[in-house]
Amino acid sequence: MKIVFLDAKTIGEDIDLSAYDALGEVVKYGFSTSEEVPERVKDADVLVINKIEINEQTIGTAKNLKLVCVTATGTNNLDKEYLEKRGIAWRNVAGYSTESVTQHTFALLFYLLEKMRYYDEYVKTEKYVNDTIFTHFAEHFNEISGKTWGIIGLGTIGRRVADIAKAFGAHVIYYSASGRSAQEGYEQVDFDTLLSKSDIVSVHAPLNEYTKDLMNKEAFAKMKKTAIFLNLGRGPIVVEQDLCEALENGEIVAAGLDVLCEEPMSETNPLVKIKDSRKLIITPHIAWASVEARTRLMQIIVGQIKEFFAL
């Protein structure tokens with residue numbers, strides 16, 4: 001069996017992939033362009049990919065190909081109709097990053113809520129050295145307890161965030177963009193109610209016809225001026241120009257993003273110009289990527305290959 005990794009660097013170079021060597025010949029490419037893929041997959045039995053487009057143009061030369069494994073949950077990059085026509089199976093992985101994304105949600109919140117950058121710089125610039133009193137009140141912060149936390153997308157990650165938010169004393173409400181029936185133990189509300197009542201709004205939804213551009217100018221205008229917005233779902237759920245204007249105009253107080261419409265970030269992204277860390281923090285799509293989550297992900301894929309080939 002020949003296993004070909006087409007964009008291995010998207011997993012990181014710190015993850016042990018030696019378990020794959022026991023399955024057969026393994027070839028790893030850090031990155032592959034669409035033009036490079038046809039040559040690289042010619043004699044592959046298994047492809048391990050993340051963002052590479054899989055279609056007739058890229059894998060039409062792969063005569064031995066039997067299985068495509070996606071190192072992610074989303075499969076928008078797969079031409080499933082073509083794969084089915086060729087009799088090529090595909091697998092994705094769900095649930096591997098729940099704890100990592102949940103943890104990062106709170107990391108973004110605390111950075112904004114408690115003005116962490118300001119206070120760190122206050123001490124690092126030695127303004128605290130020999131200050132007049134033992135504490136410093138220039139930037140205030142609030143408690144999560146007693147606040148309303150609105151969640152958009154109550155899947156596995158959304159529920160985990162909800163449960164931890166409740167442990168902090170928040171009142172949790174959620175909105176289902178697809179209109180799914182209410183989940184027991186969680187308070188479902190309509191979109192306008194979630195926006196107008198929430199002190200914190202976090203997105204944990206997939207990108208689909210219900211969520212694309214959901215957070216737009218009209219949505220931000222309905223939020224509290226003191227609200228913090230977090231997007232841990234997909235970038236195109238947010239209209240970035242509208243978010244930029246909402247932050248600049250004080251329609252919401254702050255935002256934390258781990259996903260953008262275009263990744264890596266484009267120089268034309270309107271959010272580039274917001275340098276105030278009290279208003280905005282953007283992390284480079286790392287919420288999923290704890291060492292444990294990436295290790296778990298690659299172990300699951302090893303299991304998928306073994307199961308498929310009955311090894």
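Observations on the model:
- Candidates Ala62, Ala72, filtered to the one that is within 16 Å of Val93 (Cα to Cα), open to solvent by less than 20 Å² (accessible area, probe 1.4 Å) and not in a strand (DSSP E or B): Ala72
- 1 or more residues out of contact with any Leu (no Cβ under 8 Å at 6 or more places or on another chain) and either surrounded by 14 or more Cβ atoms within 10 Å (Cβ to Cβ) or hydroxyl-bearing (Ser, Thr, Tyr) (or both): qualifying strands (runs of 3 or more DSSP E) within region 135-225: 148-152, 171-175
- Filtering region 258-311 to residues that are open to solvent by 70 Å² or more (accessible area, probe 1.4 Å), outside any loop (DSSP other than H, G, I, E, B) and closer than 23 Å to Leu67 by Cα leaves Arg296, Gln299, Lys306, Glu307, Phe308.
- Count of region 8-26 residues, restricted to those that are surrounded by 15 or more Cβ atoms within 10 Å (Cβ to Cβ), of a type outside the set (Gly, Ala, Ser) and in contact with a strand residue (DSSP E or B) (Cβ under 6 Å, 6 or more places away or on another chain), is 2.
- Lone unmet requirement of (1) open to solvent by less than 80 Å² (accessible area, probe 1.4 Å); (2) in contact (Cβ under 8 Å) with a residue 12 or more places away in the chain; (3) charged (D, E, K, R); (4) farther than 26 Å from Ala219 by Cβ for Asp120: (2)
- Per-region count, region 220-238, residues small (Gly, Ala, Ser) and in contact with a helix residue (DSSP H, G or I) (Cβ under 6 Å, 6 or more places away or on another chain): 0
- Considering (1) closer than 26 Å to Gly233 by Cβ; (2) touching a residue at least 12 places away in the same chain (Cβ under 8 Å); (3) not β-branched (Val, Ile, Thr), the lone condition that Gln57 does not fulfil carries the number (1).
- Tally, over region 27-38, of residues that are open to solvent by 60 Å² or more (accessible area, probe 1.4 Å), under 17 Å from Leu78 (Cα atoms) and either assigned to a strand (DSSP E or B) or among the β-branched types (Val, Ile, Thr) (or both): 1
The values are calculated or read from the model by the stated rules, or taken from the named source; none is laboratory data. None of the values given here were measured: they were computed from a predicted structure. No Cβ is skipped: glycine too gets one built from the backbone with ideal geometry, and neighbour counts run over all protein chains shown. The accessibility values were calculated without ligands, DNA or RNA, using every heavy atom of the protein model including side chains. Shrake-Rupley method; radii C 1.70, N 1.55, O 1.52, S 1.80 Å.
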